[in-house]
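The values are calculated or read from the model by the stated rules, or taken from the named source; none is laboratory data. The model shown is predicted, which means the values in this text are computed figures rather than measured ones. Glycine also receives a Cβ, built like all others from the backbone with ideal geometry; neighbour counts cover every protein chain displayed.
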Amino acid sequence: MPMLIPQDERELAIEILHAATALYTTTSVVDVLLDRIGWPDADGKLIDPSAGDGAFLVQALARLSTPKDDLVSLSRVHGWELHPGAVASGRERIVRHLQIKGWTLDVAQEGARRVIHEGDFLTDGPKEGCFRFIAGNPPFMRFGHLPEFFKSIYRQVLPDVARGDLLHAFLERCVQIMPEDGIIGCISSDRWLINETSANLRRCLGQKVGISHVARLDASTSFYQPKSRRRGSPPRIHPVEIVLQPSKCALQRLTDAPVSPDGVVGEVAETPVLGDIATVRIAPWLGPHGIFVLDADKATALPQAELVPAVDTDDVDPEKDQLGTPTRYAIRTRRDIEPSPEVQGHLRGELGRMPKRGQRSTWWMPPETITLSLNKPALLIPRIGKRIRPIRLPAGILPINHNLYIIEGSGSVSLDAIEDILRSSATHAWLERNAPRLENGYFDIRSGLIRRIPVTDHSQQIH
Ligand SMILES: C[S@@+](CC[C@H](N)C(=O)[O-])C[C@H]1O[C@@H](n2cnc3c(N)ncnc32)[C@H](O)[C@@H]1O
């Protein structure tokens, strides 16, 4: 990356700030954090408020379906970054990722420009409510060490509690813009959790959020420095990964009291975990009812070969946890083949009701492509429940609406054994300790959580 020659006070200040704060996160750490916040299991957009060279953004995009040159498919992921060189690196990284997915260069470049916004997150960042997922590794720098240019700007916009460190300002702003169903996953130094001088910040954040997970990270393997950064500058000390959620859903309250990052919240399992023995996927969202998902009577007008029975949690008998006879069908289209005239006629009549976020450039494709092969029996797990409820799903039936879908992995563990593990009291006890809580005793059950369930207690079943 060419060094930019500073031309004015602002550019010089940005260079100084970036040189002091750019410590990038390795993709393995990013992936675990994205799992912990459940990206992209629920609707909503994600933002990295200090994108650097785009590690979080590319890993977040890699979990979405981004069909060739479909700019709308990128619209859930956004990043903010102050430093022009880092913005360029981040955009290049996104372009490389999209080109590997088959995108043409100029469309990929336009996509990367739309994903990464160049600007100061603290002064020009998005306003409240737009981003359900916030993920990143915010910069940290003591307020007293900031270039004078930033001190004078931030003094006017930051509340007192956020002025100790740039990290405090980012945390305060992220919590402020987080919607009521939002979640924040970030990498930070542990000092704000422990120091007496951060008590006011903790109390202020604690009015809205609590902690759902906190764990230490290995500073020697979790980060790398951009090539432009001076060699030998010290790595971030005492890093932690932390997940914050609205207080009513969080596992631990945040108050002015110090928080130990070595606490019991968010256990790290010994291997093997369920992700080692089973394949866990998310069922597609196909848009509002009546477009790609039809009641059986409407579906009879369309060719059977283009339909697949589709089920949601309301098809499950809540007493017996058994699937009833499917009453709906999904239209299964393929990007490379135009659907039959009947399906085209139906879709043309209904697609006007598709919200913007569900519209695709290949007009006959649903918002999320059906990629589940459906050739084996599977388990459906409702995303919200007081316990994990594995429901048997015969081959050929499509779960929809972001329910979880589990099939046997490549090893020798049977679906019966996987179901037993999921229903076991050991798993339920683990769930109670580790799952984010919703209201009225319900848990937020996401794919990353399911993959992390330890299966060591069931060794007789997995050999
Ligand atoms: C610790 S790095 C993290 C980068 C990336 N999220 C990652 O984890 O690899 C922090 C980044 O924040 C940027 N930054 C610093 N202050 C900023 C501000 N006020 N607004 C937006 N970005 C900022 C820096 O230029 C730097 O690239």
Scanning region 137-153 residue by residue, those within 9 Å of the ligand (Cβ to nearest atom) and either outside the structural domain of residue 122 (by TED's automatic domain parsing) or acidic (Asp, Glu) (or both) turn out to be none
From the list 46, 12, which one is within 16 Å of the ligand (Cβ to nearest atom) and assigned to a helix (DSSP H, G or I)? 12
I need the full set of residues from region 154-184 which are within 12 Å of the ligand (Cβ to nearest atom) and touching a Phe, Trp or Tyr at 6+ places or on another chain (Cβ under 8 Å), in order please. 154, 165, 166, 167, 169, 170, 173
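Per-residue answers, yes or no, for (1) hydrophobic (A, V, I, L, M, F, W, C); (2) surrounded by fewer than 21 Cβ atoms within 10 Å (Cβ to Cβ); (3) within 30 Å of residue 435 (Cβ to Cβ):
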{"residue": "326", "(1), (2), (3)": "no, yes, yes"}
{"residue": "336", "(1), (2), (3)": "no, yes, no"}
{"residue": "339", "(1), (2), (3)": "no, yes, no"}
{"residue": "344", "(1), (2), (3)": "no, yes, no"}
{"residue": "356", "(1), (2), (3)": "no, yes, no"}
{"residue": "366", "(1), (2), (3)": "no, no, yes"}
{"residue": "379", "(1), (2), (3)": "yes, no, yes"}
{"residue": "394", "(1), (2), (3)": "no, yes, yes"}
Do you know which of the residues in region 113-130 that are within 18 Å of the chain's Cα centre (by Cα) and at pLDDT 95 or above is farthest from the ligand (Cβ to nearest atom)? 115
